[in-house]
Amino acid sequence: MDYTKLSKEISYALRHAPWEYELELDSEGFVTVEQLINAINENSNYDRPINVSDLEYIIKNSDKIRHEIKGDRIRALYGHSIPMHISKEPIVPPDVLYHGTTHKALEAILNDGLRPMGRQYVHLSVDTDTAIQVGRRRDPDSVILVINSHKAYADGVRFYKGNDKVVLADFISNNYIKLNV
Ligand code: HQG
């Protein structure tokens, strides 16, 4: 079983294109495990039909916790780009958060703030290692921004739970952002 391929397909289905799988997400992004398994097996992209143990294996063994099974339902924890708004659990953020990005995007971010761009939320990291990993996807020598989430939260900016390493926000204005030095 190619678990990386399966994990990417699940993220694609649950974050970006549920309609391609005839899936309908609920307001928190869940579908039933059974619906997802049936939808994936319909296309049979793997050497055998997938089952719930494969989904559990991916969640347990991936480099990041991208998906969650709750009872008989499963969802992507972050990353959504679908038009329907996925509501996330509001949290009190840690005092400082980080964002890894590219040199190319830096000027625009320092001028305009952090925007969700193609996704529903801005994605922030709880530590610099995670932020470096995020930034490196696009720029080997990535830029790390430091977010004063303590002040932002005190000023009324809302933050939401992604996973243990990822915190979500609607928009972070540039007065809460500085370059890591
Ligand atoms: C940038 C992956 C110009 C932003 C990761 C980023 C993460 C701006 C890019 C998760 C901007 C959007 C999300 C502005 C933000 N002007 N550029 N005003 N504001 N940007 O992929 O945070 O492996 O949508 O800096 O690890 O890179 O898929 O967001 O570079 O957790 O599970 O616009 O996806 O997780 O890129 O990544 P993305 P992201 P997975």
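The values are calculated or read from the model by the stated rules, or taken from the named source; none is laboratory data. What you see is a predicted model, and the numbers here were worked out from it, not measured in a lab. All accessible areas refer to the heavy atoms of the entire protein, side chains included, with ligands and DNA or RNA removed. Shrake-Rupley method; radii C 1.70, N 1.55, O 1.52, S 1.80 Å.
Some values worked out for this structure:
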| quantity | calculated |
| --- | --- |
| Residue-averaged [θ]222 nm for the chain, counting only DSSP H segments that reach four residues, each worth -39500 (n - 2.57) | -8500 deg cm²/dmol |
| Reachable aspartates and glutamates from Lys165, criterion Cα separation under 16 angstrom, eight or more residues apart if same chain | Asp63, Glu68, Glu89, Asp95, Asp127, Asp129 |
| Mean accessible surface per residue for the chain, computed with a 1.4 Å probe while every protein chain stays in place, in Å² | 55 Å² |
| Tilt relative to the chain, helix 103-112 - C-alpha long axis, 0 to 90 degrees, to 10 | 70 degrees |
| Degrees, to the nearest 10: 33-43 long Cα axis against longest axis of the chain | 70 degrees |
| Largest to smallest accessible area among Thr102, Thr4 [probe 1.4 Å] | Thr4, Thr102 |
| Rule-of-thumb Rg ratio for region 3-76 [Cα; 2.2 N^0.38 Å; N residues] | 0.98 |
| Region 3-76 - percent of accessible surface contributed by carbon and sulfur, probe 1.4 Å | 45 percent |
| C-alpha long axis of helix 52-61 to longest principal axis of the chain, angle in ° | 30 degrees |
| Cross-link reach list, lysines versus Lys5, counting only Cα pairs under 21 Å and skipping chain neighbours closer than eight places | Lys60, Lys64 |
| Cα centroid separation, region 48-126 to region 136-173 (Å) | 11 Å |
